[in-house]
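First up is the structure itself, then whatever we jot down about it.
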């Protein structure tokens, strides 16, 4: 049963991460094009750092780092009279009340917490890439559009929200759809983060519990589990491609681009 | 123990030369730097060999996908779709278990279950598919005028391809291909985290980095070291590819030359 829910876990992760990463990306892009210098540095640094490092290292790093940061903060707040050092040699020790989640908590709390960490990690990494795409898209909107907005007396903020944001999506979509494909393909990394996803189950089902394959008529099944996963991902990718194509056609409607112009001519 | 002795003991540890036992406690910075650097040997090996071999298959795939002959086009299209449409991570797992079952049929496949060959083959196919798509895109955008000029000069067949089409294709594809190369090196870190076992703890850089992180519960030292190594590696790759790019563009006037825009990709 948990094997089937693990497919749900992957879909859920995608459903939550995509909007969150998009929000991170939007924030990052807005920061990067900010007129306040330190803010724009911050945005650009965020984009540059995350993009420069292999993301699998990021995944391994962030989850532990996050976990320790949260526990350390709770430790400072909850146990002020704890005198032992937190790092005892190779161990990271906090008082029992600061454990996250509490060791008395139910199993599902642990799972949700792990899942939450995974979502945040994915969102930070993919947010940086989304920020880069959106930053490019904002600059791709024809300058004349913004100048017209200024000529009509719109303030910076108004021009941004009413002119730039609605128009940038068509420029951002190719990059974002690329990102979506990559995000789909990144989900197996969940297994590294200790969430019980499909890779975990595929290993588990064919794993040590049925070590003597010779007893079974079907032999080693793990190969077929992974083949099934491969097909699952291929179908998912194909499906996304079709949907994104449709979306692109919709977004191009009425835009001052080649595709938009084609639509206009086809109608006329 | 001085740092020099550590380097002597562990610098070639990842290929089985030197001290057998990994350090167990009192980890020094020097040990971490040496072992993680030692692991980089594998990353470089996988990346370089897969890239060199993949280059030729990629050219063949691009030509196949561009072919008018269905028998050539369909296999190339499917190959590219399968390897680009599914996560590399799953491909590694699948390949490992596939080779395991093949091993039972014939001992010829025994070396394929080891990382040095099995993972290499997977990476080779994967990078061939991605670069094949890049080359295909470039092949389609070879200027019509160039080909007409080649016809006018009496080039045909192999000579036209070798002297005109192929160099132009490479020139157009090179910036994207550079990114693919960088990305391939990043992807090599996945090898020992998928099915392939690190025999006698001979692993790659990330393997040792996560070893240290596991033992010390402190991700803040090994992962930044890993990141530093990868930034260095990326810089080297960029420099080498930049030199090739200069050579490919040497006949063009300064202003027209295409600069390589760095766009490190993400997970595949």
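Read-outs throughout are calculated quantities, based only on the coordinates presented, and are distinct from any laboratory measurement. All figures in this text were calculated on a predicted structure; none of them were measured in a lab. All Cβ positions, even for glycine, are placed from backbone atoms using ideal geometry, and neighbour counts span all protein chains on display.
Please give the helix B:70-85 orientation as an angle from the longest Cα principal axis of chain B, in degrees from 0 to 90, rounded to the nearest 10.
Value to nearest ten degrees: 30.
Could you give me D for the stretch A:124-181, from Stokes-Einstein at 37 °C and 0.692 mPa s, where the hydrodynamic radius is the Kirkwood radius over C-alpha pairs? Units µm² s⁻¹, please.
For the chosen part, D equals 273 µm²/s.
From the helices alone, meaning DSSP H stretches of at least four residues, give me the mean residue ellipticity at 222 nm for chain B, per-run term -39500 (n - 2.57), in deg cm²/dmol to the nearest 500.
-22500 deg cm²/dmol, from helical runs alone.
With each label point set 7 Å from Cα along the Cα-Cβ vector, what nm distance links residue A:70 and residue B:246?
5.0
What average number of partner chain Cβ atoms lie no more than 10 Å from the Cβ of the residues making up B:213-225?
4
At 0.36 nm per residue, and after removing the present C-alpha to C-alpha distance, how many nm does the segment from residue B:78 to residue B:30 gain when stretched out fully?
That pair, residue B:78 and residue B:30, stretches by 12.5 nm at full extension.
Percentage of Cα-Cα pair distances in chain B greater than 28 Å, rounded to whole percent?
Percentage above 28 Å: 45.
Starting from the Cα gyration tensor of the stretch B:103-260, take the square roots of the eigenvalues, sort them a ≥ b ≥ c, and report rounded, prolate or oblate (rounded when a/c is under 1.5, otherwise prolate if a/b is larger than b/c, else oblate).
Oblate is the answer for the stretch B:103-260, as a/c is 1.5 or above yet b/c matches or exceeds a/b.
Helix B:88-105 versus the longest principal axis of chain B: what is the Cα-based angle in degrees, 0 to 90, to the nearest 10?
80
Which distance in nm do the two modelled labels at residue B:235 and residue A:36 give, with both placed 7 Å along the Cα-to-Cβ direction?
Distance between the two pseudo-spin positions: 3.3 nm.
Per residue of A:231-241, count partner chain C-beta atoms within 10 Å of its C-beta, then hand back the mean as an integer.
3
What's the ranking of A:174-185, A:147-158 by average number of surrounding C-beta atoms within 10 Å, highest first?
Those peptides, ordered most packed to least, come out A:174-185, A:147-158.
Could you work out which residue, out of B:184, B:117, B:57, moves most in a Gaussian network model of chain B, that is, has the largest mean-square fluctuation with Cα springs under 10 Å?
Of the options given, B:117 has the highest mean-square fluctuation.
Give the calculated FRET efficiency between residue B:117 and residue B:149 to the nearest 0.05, with a Förster radius of 45 Å applied to their Cβ-Cβ distance.
Efficiency computed from Cβ-Cβ geometry: 0.50.
Could I have the simple spin-label model distance between residue B:17 and residue B:162, label points 7 Å from Cα toward Cβ, reported in nm to one decimal?
A separation of 3.9 nm, rounded to one decimal place.
Test of understanding: what is the full-extension gain from residue A:228 to residue A:266, defined as 0.36 nm times their sequence separation minus their Cα-Cα distance?
9.4 nm
Taking the C-alpha atoms of the stretch B:143-213, how large are the radius of gyration and the largest Cα-Cα span, Dmax, in Å?
Spelled out, the Cα radius of gyration and Dmax of the stretch B:143-213 are 21.8, 64 Å.
Which of the peptides B:158-171, A:114-127, A:238-251 is most tightly packed, and how do the rest follow, going by the mean number of other Cβ atoms within 10 Å of each residue?
Ranked from most to least packed, the peptides come out as A:114-127, B:158-171, A:238-251.
So, by mean Cβ neighbours within 10 angstrom, what's the order for B:103-114, B:143-154 with the highest one leading?
Per-residue Cβ counts within 10 Å, averaged per peptide and sorted highest first, yield B:103-114, B:143-154.
At what distance in angstrom do the alpha carbon centres of the stretch B:8-75 and the stretch B:228-244 lie from each other?
The distance from the Cα centre of the stretch B:8-75 to that of the stretch B:228-244 comes to 15 Å.
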